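Peer 1: This structure is in C-alpha cells; I'll ask about it shortly.
The values are calculated or read from the model by the stated rules, or taken from the named source; none is laboratory data. Quantities reported herein were computed from a predicted structural model and do not represent experimental measurements. Virtual Cβ from ideal backbone geometry, glycine too; neighbours counted across all protein chains shown.
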Amino acid sequence: MSEDFAAKRAGMAHGWLVRPWHERSTQVFLFSVCAALALVTMLHLALPAGHPLHVSAYTVNLLGKYLCYALLAVALDLVWGYLGVLSLGHGAFFALGGYAMGMYLMRGIGERGVYGNPELPDFMVFLNWDRLPWYWHGFDMFWFALVMALLVPGLLAFAFGYFAFRSRVSGVYLSIITQALTFALMLAFLRNEMGFGGNNGLTDFRELLGFDLRQGSTRLGLFIASGVALMFGYLVCRALICSRLGRVGVAVRDASNRVRFLGYRVERVQLYVFVVSAMLAGLAGALYVPQVGIINPNEFSPLFSIELVVWVALGGRATLYGAVIGALVVNYAKTWLTSAMPDAWLFVLGGLFVAATLLLPQGIAGLLAQLRRRKSAKRDEDREALT
Amino acid sequence: MKPLSSLIQRDRVFDFLKPRESPVDVRHGPILYLDEVSVSFDGFKAIDRLSLTIDDGELRCIIGPNGAGKTTMMDIITGKTRPDSGEVWFGTRHDLLRLDEPQIATLGIGRKFQKPTVFEALSVFENLELAGAGDKRLWPSLVARLDAQARERIEETLELIQLTEQRDRAAGVLSHGQKQWLEIGMLLMQRPRLLLVDEPVAGMTEREMARTAELLRGLAGRHSVVVVEHDMGFVRSIANKVTVLHQGRVLAEGTMDQVSKDSRVAEVYLGAPEEELVR
Ligand SMILES: Nc1ncnc2c1ncn2[C@@H]1O[C@H](COP(=O)(O)OP(=O)(O)O)[C@@H](O)[C@H]1O
Ligand SMILES: [Mg+2]
C-alpha cells in the first residue's frame, strides 16, 4: 500500500499520477507470471517423465488454457470493476476471437481432411458447397486471422456499445442485453447455413504456422504465448486505468450522471473501454482454440459468460490480479471436480458465487489485502513495543 | 495556511479563480435568460412559465419552499431535463435547449448538486483533477499528463477548501461538510462562467457557512453565481438580489428586505414563521 503511494508520488513528478510499471502490484504480478512460466517450462523440459515433479505435456496444455481464461477474466474485470458495466456476454467476444483462429486452423488442414479437398473444410464438402463463402477468404493467412480475432470482437463491441451507451442503458438492463447478445450469436452459430460448422464447430486442426499442434513443444510454445498475452493484457488494462480516462471510468462507475456535468462524454468513455476489453477477450479466444483443438457454439452459451463473472467475483473485482486468481482457482476446481463428480459442477459454481457474494464481497484479492494489512499493523505494533 | 480573504480579495486576482475563456456572448444583455419555461412530470407542473434573467457577474439567490422547482430549474439549465416549452439562452449566442450536459458544461456552466456528489472511490486530489478545466475529450483524457501548472491549481484549490491534509484520502470518507467543500472545489476547478450552486451549506457548521458565504461573495463579479438556499441567515449574508420561487414560478424578486416584506412571500412560508424570514 505505502509502496504504491510512493510510486504515485514518483510518477507525479513526471506528470502522470502513477505510472503502471512503477506500481508495486504490477511488478509483483509480472514477476509472478514470468516465474511461473519459467518454472513450468523447466519442470516440463528438464525432468524425466517418471519424476514426481515432472509437468506433463497434458498439464502444460491445461495450464495454457487456464491462462487464456485468466486473460478473459482480466478483460471482464476492466469493464466490470473499473467501468461498472457488468457484461454477461463477454464469452461472445472470446468465442469470436476463437472462431477467427479456428478458421485459420481449419484452412490449414488442406488436403489432409477426410474428403481431401484442398480448398474447402470438411463440413462444407459435407454440405455440398462448391465454393468457399466470401467471409472465409483471407483466413489462410495467420496475420489476417489474428487481426480478425481482435477486429471482429472489437467491431461487435463498438456496434453494440454505440447503441446501448448512447441510449444510456445501464445496470441490470445492460447486463440482460449482453446476455441476449451472446445467446443470439449462439443460435446463429448453431445453424449450418452460417458456414461455421454448425453445432460441431471447427475442429480436427493439424498445425499452426507449420508447427504440429499435437507436439509437446508446440503446446509449450502456446502455453508461453498465453502467459505473454496475459501480461500484455494486464499492462494494457493497467495503463488505461492509470490514465485520466481510467479515473473517469471509475467516476462513471460510481456516479455516471455527475461525470457528464464535468463535461465528459460518458458514452464515449464507456464505448472505448468496452471495445478494448472485447479485443482482449478476442485475443484470449484466439490463443485458447489451438490449445483445446476445437471451437463450437458452446463458447457462446450464456452459462459460460455467467461462469466467468463468477471467476471475477470470487477472485475480487477491480483489482485485475484478483480476476486472474479467480480464473485459475475456479477452473482448477472445475477440472478436478468434473472428473470426480461430473454432475456436481453447476451446484458448486452456484455455491461459489453465493459464498463469494456473502462471505467475500471483495473476493480472494480482498482477503489477501486484509491479511497484508493485518500483518503490517502487527509489524508496526511490534516495532512500537521495541522502542 | 493563507487566510481565505487573501485568496479571494478583489485586488489580487488569483489565476485559478479566474473563469476560463468562454465563448459566451454577453455584450447585448444577460448571461442567462429563461423565458416562459414550463415542464411537467406526469401532469404535475414543476416549472410553470418561469422567466428569469441573470446578469453577467451577478450573485443571485433563489429561495422558495420545498418542491418549488429550484432544483428542476437547474436541471433544465444544465441539460438534464428538457422543458416542454420555453427558451433558455446562455448569453445571446447559445441556445441551451439544443445542447446536452457535457456541451453545456464545456461552455462554462458548472453545477454543485443538492446532494453532494463526489467520486467516493477516488482521492480528493483525483476528484479535483478530473474536474479540472482540461480537454475532456476521449483521446486527450487518455494521454493527459498533469503539468506543473495544473498541479499548482489543484494545490491552491485544496488549500482554499481546506482539504490539503485529506488530499490523498478517498473522497468517500470525508464528512458531509467536507464533501460539500470538495464539490465546491470541483466547481472552481472547472472555472465556469456561471455557477449554479444548489443548497451549498446544508450540513455545515456556522464557521464553515461563514467561509462559504465569503467564498461565494468573492466569486461574484468575475463569475455569475446562482445560489439556491434554505438558510435565510445565509441568504441574507450573501445576496443583494433574491428571487422567490413558488410552485414553479417567480413569486417575488428584489432585495432581501423587499421580498421579506412581501405579503405573498410570507404566505408561502406559512409554517416557517415570518420572523425567520425577516431575521
Ligand atoms: N424527475 C422527476 N419526476 C417527477 N417529479 C419530479 C421530478 N423532478 C422533480 N419532480 C417534482 O417537481 C417538484 C419540484 O422539485 P424540485 O425542483 O426538486 O424542488 P426544490 O428543489 O425547489 O425543492 C417536486 O414536487 C418534485 O417532486
Ligand atoms: Mg432542491
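Peer 1: Can you say whether residue B:197 is within 16 Å of ligand 2 (Cβ to nearest atom) and in contact with a helix residue (DSSP H, G or I) (Cβ under 8 Å, 6 or more places away or on another chain), as far as the supplied structure shows?
Peer 2: Yes; evaluated as a whole, the condition is true for this residue.
Peer 1: Same structure, new question: Looking only at the range B:38-66, how many residues end up being within 13 Å of ligand 1 (Cβ to nearest atom) and in a loop (DSSP other than H, G, I, E, B)?
Peer 2: 5
Peer 1: Residue check: is residue A:272 within 13 Å of chain B (Cβ to nearest Cβ) and either at pLDDT 95 or above or assigned to a helix (DSSP H, G or I) (or both)?
Peer 2: So residue A:272 passes the test.
Peer 1: Would you mind finding the one in B:71, B:81 that is within 11 Å of ligand 1 (Cβ to nearest atom), touching a helix residue (DSSP H, G or I) at 6+ places or on another chain (Cβ under 6 Å), closer than 25 Å to residue B:228 by Cα and not in a strand (DSSP E or B)?
Peer 2: B:81
Peer 1: Give the residue, chosen from A:127, A:88, that is within 30 Å of residue A:325 (Cβ to Cβ) and touching a residue at least 60 places away in the same chain (Cβ under 8 Å).
Peer 2: A:88
Peer 1: Given the conditions (1) without any contact (Cβ under 8 Å) to a residue 24 or more places away in the chain; (2) more than 7 Å from chain A (Cβ to nearest Cβ); (3) crowded, with 16+ Cβ neighbours inside 10 Å; (4) of a type outside the set (A, V, I, L, M, F, W, C), report the number of the one that residue B:141 does not fulfil.
Peer 2: (2)
Peer 1: If we scan the range B:186-204, do we find a residue that is away from ligand 1 (no atom under 16 Å from the Cβ), more than 14 Å from chain A (Cβ to nearest Cβ), assigned to a helix (DSSP H, G or I) and surrounded by fewer than 23 Cβ atoms within 10 Å (Cβ to Cβ)?
Peer 2: No, there is no match, as no residue in the range B:186-204 is away from ligand 1 (no atom under 16 Å from the Cβ), more than 14 Å from chain A (Cβ to nearest Cβ), assigned to a helix (DSSP H, G or I) and surrounded by fewer than 23 Cβ atoms within 10 Å (Cβ to Cβ).
Peer 1: So, one more: Give me the pairs: first residue in the range B:81-104 and within 14 Å of chain A (Cβ to nearest Cβ), second residue charged (D, E, K, R) and within 16 Å of ligand 2 (Cβ to nearest atom), beta-carbon distance under 6 Å, and six or more apart or on different chains, which are they?
Peer 2: From residues that are within 14 Å of chain A (Cβ to nearest Cβ), the pairs are B:81/B:75.
Peer 1: Now a separate question. Tell me which of these residue A:118 doesn't satisfy, since it passes every other one: (1) free of Cβ contacts under 8 Å to residues at least 40 places away in the same chain; (2) assigned to a helix (DSSP H, G or I); (3) touching a helix residue (DSSP H, G or I) at 6+ places or on another chain (Cβ under 8 Å); (4) not hydrophobic (A, V, I, L, M, F, W, C).
Peer 2: The one condition residue A:118 does not meet is (2).
Peer 1: Which of the following residues is on the phi > 0 side of the Ramachandran plot and without any contact (Cβ under 8 Å) to a residue 12 or more places away in the chain: A:195, A:201, A:263?
Peer 2: It is A:263.
Peer 1: Might you check whether a residue that is more than 16 Å from ligand 2 (Cβ to nearest atom) and out of contact with any strand residue (DSSP E or B) (no Cβ under 9 Å at 6 or more places or on another chain) occurs anywhere in the range B:31-43?
Peer 2: yes
Peer 1: Give the range B:117-134 a look and list any residue that's more than 7 Å from chain A (Cβ to nearest Cβ), modelled with pLDDT of 85 or more and in a loop (DSSP other than H, G, I, E, B), or say none.
Peer 2: Listed by number, the residues that qualify are B:118, B:132.
Peer 1: Could you check the range B:244-256 and list, in sequence order, the residues that are within 12 Å of ligand 1 (Cβ to nearest atom) and either within 13 Å of residue B:58 (Cα to Cα) or surrounded by fewer than 16 Cβ atoms within 10 Å (Cβ to Cβ) (or both)?
Peer 2: Passing the criteria: only B:247.
Peer 1: Identify the residue in the range B:210-245 that is away from ligand 2 (no atom under 16 Å from the Cβ) and out of contact with any helix residue (DSSP H, G or I) (no Cβ under 9 Å at 6 or more places or on another chain) and, among all such residues, is nearest to the other protein chains (Cβ to nearest Cβ).
Peer 2: Step by step, filter the range B:210-245, then rank; the result is B:224.
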